[in-house]
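The values are calculated or read from the model by the stated rules, or taken from the named source; none is laboratory data. Just so we're clear, the structure is a prediction, and the values are computed from it rather than from any experiment. FYI the Cβ positions are ideal-geometry reconstructions off the backbone, even for glycines, and counts take in every protein chain you see. Surface areas here come from the heavy atoms of the whole protein model, side chains and all, with no ligands, DNA or RNA. Shrake-Rupley method; radii C 1.70, N 1.55, O 1.52, S 1.80 Å.
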Amino acid sequence: MAVPLILKRVATGIGIRKLISKDIDKAEIPQSEVNKIKRGLGNFAKGIIIKTNTNSKEVIRKVNKFESALERAIDKGVKQAGFQMLDIIRTKTKKGIDFRDKPFAPYSEGYLKKLEKEGKETNVDLWYSGKMLGALTPDQAITKTGKHKITLGFARAEERDKALWNQVLNTPKREFFGFNNRTEKIINKTFNRFIEKELKRARI
């Protein structure tokens, strides 16, 4: 977005003024031309005059458009980041690893016998009834809590209590609900690409 400047160049020159005054008769310059030159020299003494002709209205319009597009893109991008986070949590948990990418502690002998008796899978994936992890869906687990801010959580108290037991209260703990530096970098990279794509689509 260019802001063009139109410059008018003028100069000062007492020496030039004196020279012209001295050479009037010899050069036989018409008096009208001499007067014109002297009037011009009066303007020269003012120095450099800068006149601007800007496209400021267009610049402001585009800046406002950019800001609006950026606000919308960030809101959408943050929500997309929430979707991605949920997917990563669910995927890791299903693989039997916590948010630090470390294997979950094995189930106790008593719990394994219970699972086998009920004909359930014995993999350490925190999937007994499926309700807790099943609650980690965008419509249930993502809440907008501020400008460009969302919160991931469990909407129902029953599933929240189960998550709390696994995450904090149980021994050993199986910390599935969180993210490490690697996950954060992945989400940031995806977010930045999304913002760039959205701004290109806005054609600002």
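Which of the pairs Lys95/Lys144; Lys92/Lys189; Lys62/Lys149; Lys79/Lys102; Lys162/Lys185; Lys95/Lys149 have their Cα atoms more than 23 Å apart in this structure? Going by Cα-Cα distance, Lys95/Lys144; Lys62/Lys149; Lys79/Lys102; Lys162/Lys185; Lys95/Lys149 fall outside the 23 Å limit. What is the distance in Å between the Cα centroid of the range 132-204 and that of the range 72-105? Computed from Cα coordinates, the inter-centre distance equals 6 Å.
Applying the criteria of a DSSP loop state and at most 13 other Cβ atoms within 10 Å to the GluC sites (Glu not before Pro) of the range 77-132 yields Glu118, Glu121.
Classify the range 155-204 as rounded, prolate or oblate from the Cα gyration tensor: take a ≥ b ≥ c as the square roots of its eigenvalues, call it rounded if a/c is under 1.5, otherwise prolate when a/b beats b/c and oblate if not. It is oblate, given that a/c is not under 1.5 and a/b is not larger than b/c. Using a probe of 1.4 Å, the accessible surface attributed to Tyr111 totals some 70 Å² when neighbouring protein chains are kept in position. Start at zero, step by 5 Å, and the Cα-Cα distances of the range 45-204 spread as 1, 8, 13, 15, 14, 11, 8, 7, 5, 4, 3, 3, 2, 2, 1, 1, 1, 0, 0, 0, 0 percent across the bins. Remark: spin-label model distance Asn192-Leu70 equals 1.6 nm, labels positioned 7 Å along the Cα→Cβ axis. Under the simplified labelling scheme, the Thr145-Asn170 pair shows an inter-label distance of 2.3 nm, with each label point 7 Å from Cα along Cα→Cβ.
When a 1.4 Å probe is rolled over the protein heavy atoms, the share of accessible surface on the range 60-184 that falls to carbon and sulfur comes to 54 percent. Using only side-chain charges placed at the Cβ, +1 for Lys and Arg and -1 for Asp and Glu, the dipole size of the range 45-204 relative to its Cα centre rounds to 1020 debye.
Per residue, the solvent-accessible area of the range 54-137 (1.4 Å probe, heavy atoms of protein chains only, all protein chains present) comes to 63 Å². Pairs of Cα atoms nearer than 8 Å and 6+ residues apart set the relative contact order; for the range 93-196 it is 27 percent. Think of the range 106-150 as having a plus end and a minus end, set by charges on the Cβ of Lys, Arg, Asp and Glu; of Leu112, Ile142, Leu126, Ile142 sits farthest toward the positive end of this dipole.
Annotation: aspartates and glutamates with alpha-carbon distance below 18 angstrom to Lys200 (same-chain offsets under eight excluded): Glu67, Glu71, Asp75. Is the C-alpha gyration tensor of the range 52-134 telling us rounded, prolate or oblate? Criteria: a/c under 1.5 is rounded; beyond that, a/b larger than b/c is prolate, otherwise oblate. Taking the square roots of the gyration eigenvalues as a ≥ b ≥ c, the range 52-134 is prolate.
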